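Please read the structure below before turning to the comments.
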Amino acid sequence: MHIILKSNMNTMKKNKILFFMFLIGIIAVASCGKDDDDGGDDDLDCTTVTFSGVIAPIIANSCATPGCHNANAVVGDYTTYAGLEQRATDGTMEFEVITERTMPQTGSLTQTELDQFQCWFDAGAPNN
């Protein structure tokens, strides 16, 4: 009987250890999930997002590049507001940049840049 009790105690200790190891593993895996800090600007004030001050520089660096939306490009000249206004105001640009994230084709925008674009689209994509 003493051997059986000792065996049961050892099994209980092993089960307890396995349970805690499992619990720690679950916590570790859960903590590896997407962090709340996705690189976006949680305190972004959309009133500070203007075409000339914020959006145009992003477009110049990411979209209006050789082979893409530069001057006289067949796919649209984004070097001026007039060149992109139609797509910015009809939802085409928002769909490609925000929803589908297929633009820019040469890379991706940061979460802050995406947030800034969303502010601009939500404001009606004004030329400000």
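For segment 113-128, the residues whose backbone nitrogen is under 19 Å from a point 7 Å from the Cα of THR92, taken along Cα to Cβ, are 118, 121-122, 124-127. A straight line joining the Cα centroids of segment 83-128 and segment 53-74 runs 12 Å.
Can you tell me the length gained on complete extension of the stretch GLU85 to THR47, counting 0.36 nm per residue apart and subtracting the Cα distance? Can you show the working numbers first?
Numbers: separation 38, 0.36 × 38 = 13.68 nm, distance 1.96 nm.
Going from the current span to full extension adds 11.7 nm.
The phi-based Karplus calculation (6.51 cos²θ - 1.76 cosθ + 1.60; θ = phi - 60°) puts the 3J(HN,Hα) values of segment 97-106 at 7, 9, 6, 8, 6, 8, 10, x, 6, 7 Hz, whole numbers, x for Gly and Pro. Under 5 Å between amide hydrogens, built in the peptide plane, is the criterion, and for ASN70 it picks out THR65, TYR78 among residues at least 5 positions away or on other chains.
Every number in this text was worked out from the coordinates using simple rules, so none of it is lab data. Worth saying up front: this structure is predicted, and the values here are computed from it rather than measured. Here the Cβ is made from the backbone with ideal geometry for all residues, glycine too, and neighbour counts use every protein chain on show.
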